Amino acid sequence: MPAKELINPCMDCKDAEFDITVRQRNLCKSCYKYFIAHKVHARMNNYKPLGLNNPRHQLLLPLSFGVSSSVLLHILNADRQRRLDNGRLIGYDFHILIVEPSSITATGASFDQNYEAIQKTFPTFNFSRIPFHSIFDHAPEMEEIMREYAGPQFTDDSSLSNKERLAAFRASISTATSQTDIDTILLTRLIVAFAKNLECKSVIWGDSDSRLAAKALAGVAKGRGASLTWQVSDGMSPWGLKFEYPLRDIYKAELLQYMSLCPELSDIIIPDQAPSENVLTKNLSIDELMLRYVQNQGAKYPGVMANVARTANKLESSTSDAASTCALCAGLLGNVKGNTGVTVANQAEDNLSSQFCYGCMRSRPEELC
Ligand SMILES: [Zn+2]
Ligand SMILES: [Zn+2]
């Protein structure tokens, strides 16, 4: 067959006009999707099939209806489908957990349609949809930890519903940075507890390279440098299951590009809110500020931001079995001699700082910044 006459052929297949330039390569749409998916598959190689008679790895994929986790699900689903069609072995199964977005942020919106769309698009998966306040059911130990953490000025009224109790606890934390910080920890604890109840061995998070870089920078700013290892690197978390970040080599802008090529995702994904010019910078949390910074700078200098996440992924955990860890976030306690080097001024002897780390102490209700 004579070759097609192409003006600007795709550099990979050379069989179609190029549509997208990615990392100095001009690719057609399908080669672009393959390019992105390949980066995920390379990361998922840890979960190769172990043979016909061996059990598959059981993984949990938390899904926020955001771009990154939805694209991750799309890529993993396509790989699974391809394997099934070709009669190849599958190394892992995953369960999808949706912590109801309306129970995290009071948007007034219902996400029923997104939920219906995702079940329709990915009918072969098991989904669970749980509210944020079900943390009291899935991780009952959190009740006491949260009460201790909030301190005497916070009264936990056990006659209230779980929803009201969680709302009261969250309302007791005053700054935007601390609220985002503590919400992230509570969500992680909920997701971990859910994964453990399902006997999953790993949680696969949908954080892009950009998000990981923002987490690394914000973590340091918030005094949480010691727990960066499991928040941004692949490996064992303090709760006995692994955390993996298979989108770590992909920029947020590249995920947006991938999304635009998959019309079936449009009913599922909640679009990112455009940064409002009216929001005062001082009302943004450090996490949001860092994410904006990384996305702006990443558009200009992607290599620099990639380097942040790559460097953070090389951090070695300094936890040992004997080290004391924070009851809330499992970070190392900075006041214990000889471990993190984090200085906790004037708090070393009190009871709270023997339970909670420096980062968590800074976000406590009475520690107003
Ligand atoms: Zn191509
Ligand atoms: Zn902590």
Residue by residue through the range 10-22, note down the ones that are in contact (Cβ under 8 Å) with a residue 12 or more places away in the chain and either open to solvent by 40 Å² or more (accessible area, probe 1.4 Å) or closer than 16 Å to residue 209 by Cβ (or both).
11, 12, 13, 15, 19, 22
Applying the selection to the range 200-217, what residues are at pLDDT below 95 and either touching a strand residue (DSSP E or B) at 6+ places or on another chain (Cβ under 9 Å) or in a strand (DSSP E or B) (or both)?
201
Select from the range 132-166 the residues that are assigned to a loop (DSSP other than H, G, I, E, B), modelled with pLDDT of 90 or more and surrounded by 17 or more Cβ atoms within 10 Å (Cβ to Cβ) and list them in ascending order.
139
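Would you check if residue 99 is farther than 30 Å from residue 163 by Cβ, more than 16 Å from ligand 1 (Cβ to nearest atom), at pLDDT 95 or above and under 27 Å from the mean Cα position of the chain (by Cα)?
no
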Residues in the range 31-48: is at least one surrounded by fewer than 19 Cβ atoms within 10 Å (Cβ to Cβ), within 16 Å of ligand 1 (Cβ to nearest atom) and over 30 Å from residue 210 (Cα atoms)?
no
Across the range 43-66, which residue is farthest from ligand 2 (Cβ to nearest atom) among those that are out of contact with any helix residue (DSSP H, G or I) (no Cβ under 8 Å at 6 or more places or on another chain) and touching a residue at least 40 places away in the same chain (Cβ under 8 Å)?
49
Scanning the range 171-227 for residues that are of a type in the set (D, E, K, R) and within 12 Å of the chain's Cα centre (by Cα), which turns out most open to solvent (accessible area, probe 1.4 Å)?
211
Modelled with pLDDT under 95 and either within 11 Å of ligand 1 (Cβ to nearest atom) or closer than 19 Å to residue 124 by Cβ (or both), is that true of residue 62?
no
Could you check the range 222-246 and list, in sequence order, the residues that are under 13 Å from residue 212 (Cα atoms) and part of a loop (DSSP other than H, G, I, E, B)?
233, 234, 245, 246
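Assess whether residue 298 counts as being within 22 Å of residue 36 (Cβ to Cβ), at pLDDT below 80 and either of a type in the set (Gly, Ala, Ser) or assigned to a loop (DSSP other than H, G, I, E, B) (or both). Explain how you work it out, then say what you get.
Numbers: within 22 Å of residue 36 (Cβ to Cβ): yes; at pLDDT below 80: yes; either of a type in the set (Gly, Ala, Ser) or assigned to a loop (DSSP other than H, G, I, E, B) (or both): yes.
Criteria met by residue 298.
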Candidates 60, 52 - the one that is farther than 15 Å from residue 262 by Cβ and in contact with a Phe, Trp or Tyr (Cβ under 9 Å, 6 or more places away or on another chain)
60
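The values are calculated or read from the model by the stated rules, or taken from the named source; none is laboratory data. Please read these numbers as outputs of a predicted model, since none were measured by experiment. Glycine gets a Cβ as well: all are built from the backbone with ideal geometry, and neighbour counts include every protein chain shown. Heads up: the accessible areas ignore ligands, DNA and RNA and are worked out on the full protein's heavy atoms, side chains in. Shrake-Rupley method; radii C 1.70, N 1.55, O 1.52, S 1.80 Å.
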